[in-house]
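Undergrad: Take a look at the following structure, please.
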Amino acid sequence: MTTLQPSLLLRRALLADGLVGVATAAQLLLLADWLSGLLALPRELLLGVGLVLLPLAAFLLWLSRRESMARAAVYTVIGLNALWVVHSLLLLLSGWVTPNLLGYAFVIVQAVAVLVFIELELIGLKRSQVVPGAFAQASVGAQ
């Protein structure tokens, strides 16, 4: 497992991703009834998405505060974000829901925001430094 000393950009991108996740989850959970009527999206969908976002946002906030992190953890975040974008688009294209114009805009704008986080996290990952000997130290400590 490769351990990284995260770049400032990576830490800030993870922090921003987590903060936006908390804000979005709170909005979806606290305003589900109102948003459902406004966006023509099912209330249960909005509540479910809000509940899914909470642990992801908590993980992002925790990860952003780490002095070192596993490269695999960052790739996991990027992969989950990519799945979020794909599922958002599938939701709109599948016919499972029939949002109004504002509902389409809501889903598309949040998917674009997640794409921006993916890009920032990838750039931040490239700028991060590998911690030398981290694997060797972990192996020795395990024995």
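Undergrad: In the chain, if the dipole is taken from +1 on Lys/Arg beta carbons and -1 on Asp/Glu beta carbons about the Cα centre, which of 109, 122, 28 is farthest to the positive end?
TA: It is 122, whose Cα lies furthest towards the positive end.
Undergrad: Full extension from residue 112 to residue 19: what is 0.36 nm times the residue separation minus their Cα-Cα distance, to one decimal in nm?
TA: Values: separation 93, 0.36 × 93 = 33.48 nm, distance 1.63 nm.
Stretched fully, the residue 112-residue 19 segment lengthens by 31.9 nm.
Undergrad: Among the complete DSSP H segments of the chain, which ones combine at least 15 Å of alpha-carbon extent along their axis with a mean Kyte-Doolittle hydropathy of -1.0 or more? Don't skip to the end; give the middle numbers.
TA: Working: long enough: 8-30 (33 Å, 1.48); 43-64 (31 Å, 1.85); 71-94 (34 Å, 1.55); 101-127 (39 Å, 1.75).
Flagged H segments are 8-30, 43-64, 71-94, 101-127.
Undergrad: Per residue of the chain, what 222 nm ellipticity follows from adding -39500 (n - 2.57) for every DSSP H run with n ≥ 4, rounded to the nearest 500? All intermediate terms of the calculation are to be shown ahead of the outcome.
TA: Details: 6 runs with 113 residues, N = 143.
Using -39500 (n - 2.57) per qualifying helix, the result is -27000 deg cm²/dmol.
Undergrad: Something else now. For residue 100 and residue 51, FRET efficiency with R0 = 35 Å and r from the beta-carbon atoms, rounded to 0.05? If you can, show how the numbers build up before the last one.
TA: Values: r = 24 Å, r/R0 = 0.68.
Once the sixth-power term is evaluated, E becomes 0.90.
Undergrad: Another question, if that's okay. Amide H to amide H under 5 Å from residue 4: which residues, 5+ apart in sequence or cross-chain, H placed 1.01 Å off N in plane?
TA: Residues meeting the criterion, in which the H sits 1.01 Å from N, are 69, 70, 71, 131.
Undergrad: Same structure, new question: Post the alpha-carbon centroid distance, region 29-63 to region 100-129, in whole angstrom.
TA: If we compute the Cα centre of each part, the gap is 17 Å.
Undergrad: How large is the dipole of region 1-102 about the Cα centre if only Lys and Arg carry +1 and Asp and Glu carry -1, each at its Cβ, rounded to the nearest 20 debye? List each step's numbers first, then the result.
TA: On the way: 6 positive and 4 negative charges, 71 e Å.
So the dipole magnitude of region 1-102 works out to roughly 340 debye.
Undergrad: Along the principal axes of its C-alpha atoms, what lengths does region 1-66 span, in descending order and rounded to whole Å?
TA: 45, 21, 15
Undergrad: How would region 44-117 be classified by its alpha-carbon gyration tensor: rounded, prolate or oblate, with rounded meaning a/c under 1.5 and the a/b versus b/c comparison settling the rest? List each step's numbers first, then the result.
TA: Working: a/c = 2.64, a/b = 2.14, b/c = 1.23.
Prolate, because a/c is 1.5 or more and a/b exceeds b/c.
Undergrad: Let me have the relative contact order for the chain, percent, based on Cα pairs under 8 Å that are six or more residues apart.
TA: Details: 177 pairs, mean separation 62.5, N = 143.
Once divided by the residue count of the chain, the mean separation gives 44 percent.
Readers should treat all values here as calculations from the given coordinates under stated rules, not as data from a laboratory. No experiment lies behind these values; they were computed from the predicted model shown. Cβ sites come from the backbone with ideal geometry, for glycine too, and all protein chains shown count toward neighbours.
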